[in-house]
Amino acid sequence: MQPASLSPRAFVLLLLVACLFAANHVAARFAMDHGVDVVTAVAGRSLVTAAVVALIVIAYRVPRAMTRRQAGAMGLIGVLVAVQSVCLYSAVARVPVGVALLAFNTYPLWTALWAGLLYRHRPERAVLLAMPVILVGLALALDVGRWLAPSAADAGAAIAGSGVAYALAAAAAFGVVLALTQHEVAALDGRLRTALTMALVGVLALGAATATGGLRGPADAAGWWGLTALTLLYGTAFTLMFTLLPRLGVVGNSPILNVEPVAALLLAWALLGQRISGVQWAGALLVVGAVMALGLRRR
């Protein structure tokens, strides 16, 4: 199954999804700084998203029939998204949002790897050439060298290392999700997939919370605003992604979402007053240029 050519409208929609995910992670860090724990954040955003999309599925009479193979794949996708969600939010809680997203945004490589191993899908040459350029640009834009400097305190380095490990684990899990989505359940309506996935993730998160002492809500009004924002942003981005990407070709076009860390960097600069150096701006431009070349190329 070859990816479809991207129209300008579809390309803009993919960039919008990346920005929504970036804003979601900024909101998640804000919520966790105000008392919300990782499992509560995952449970809250998943259950609310599942409820809203389930109402849409019912209202629009979305077809719900699926084969046994599709049902099994949806169950596996739900478990993997739960693992990805907990790992990524754990990374965001330990390291700066941009650094966590840099490590997580290796998932297009993981997607190509899993698609090759599971379905013998050969990635396009353009994707293989663009990904190293994108990752170099991200490394510059997020000033990774500053976080990996040998002068960092041992405790801080250990925390940063665990955060990056969590983000890489999230990327590996999400790569399987994207490969399974395209090859196993692409025929199912995106709204149905979203409702089922989010419901399973929410139930798993509630079970984990019960086993570890219960949910831990926001400590103040600011925490509630953060939790509400991350729920709305994630739900919107997740629904768009699982509706749009399979139609465009996940393996070929998921690298476009690598602008997410740059979007997070820009949001932090605009909303939090964080300064961006010239090298970071150069890295951001490198990423945007590579992504545009990849997304607008002729097939």
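Nothing in this text is a laboratory measurement; each read-out follows from the coordinates by a stated rule. The shown structure was predicted, so the numbers you read here are calculated from the model rather than taken from an experiment. Using ideal geometry, Cβ is built from the backbone for each residue, glycine included, and neighbour counts are taken over all protein chains shown.
Tell me which trypsin sites (Lys or Arg not before Pro) from region 1-85 have a DSSP coil assignment and no more than 15 other beta carbons within 10 Å of their own.
61, 64
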Report task. Using Cα centres only, tell me the gap between region 82-140 and region 197-235 in whole Å. Result -> 25
Report summary line: For residue 177, the net charge from surrounding residues (Cβ-Cβ under 15 Å; K, R +1; D, E -1) works out to 0
**Report entry** Additional length obtainable on full extension of the chain from residue 208 to residue 59, 0.36 nm per residue less Cα span
**Finding:** 50.5 nm
**Report entry** 15 Å beta-carbon shell around residue 135, net charge (K/R +1, D/E -1)
**Finding:** -2
Report summary line: With x for Gly and Pro, the residue-by-residue ³J(HN,Hα) of region 34-42, computed from phi through the Karplus equation 6.51 cos²θ - 1.76 cosθ + 1.60 at θ = phi - 60° and given in whole Hz, is 10, x, 7, 8, 4, 5, 5, 4, 5
Report task. Assign one of three labels to region 8-295, namely rounded, prolate or oblate, based on the Cα gyration tensor with a ≥ b ≥ c the square roots of its eigenvalues; rounded applies when a/c is under 1.5, prolate when it is not and a/b is larger than b/c, and oblate otherwise. Result -> oblate
Query raised in the report: For the pair residue 120 and residue 76, what calculated FRET efficiency results from E = 1/(1 + (r/R0)^6), where r is the Cβ-Cβ distance and R0 = 30 Å, to the nearest 0.05?
Result: 0.95
Query raised in the report: Summing +1 for each Lys or Arg and -1 for each Asp or Glu, what net charge is found among the other residues whose Cβ lies under 14 Å from the Cβ of residue 23?
Result: +1
**Report entry** Listed peptides 210-218, 277-285, 171-179 by packing density, highest first (mean Cβ within 10 Å)
**Finding:** 171-179, 277-285, 210-218
Query raised in the report: Are there chymotrypsin sites (Phe, Trp or Tyr not before Pro) in region 1-97 that DSSP marks as loop and that have at most 12 other Cβ atoms within 10 Å, and which are they?
Result: 60
Report summary line: Per the 1/(1 + (r/R0)^6) rule, R0 = 30 Å and r from the Cβ atoms of residue 33 and residue 281, FRET efficiency to 0.05 is 0.65
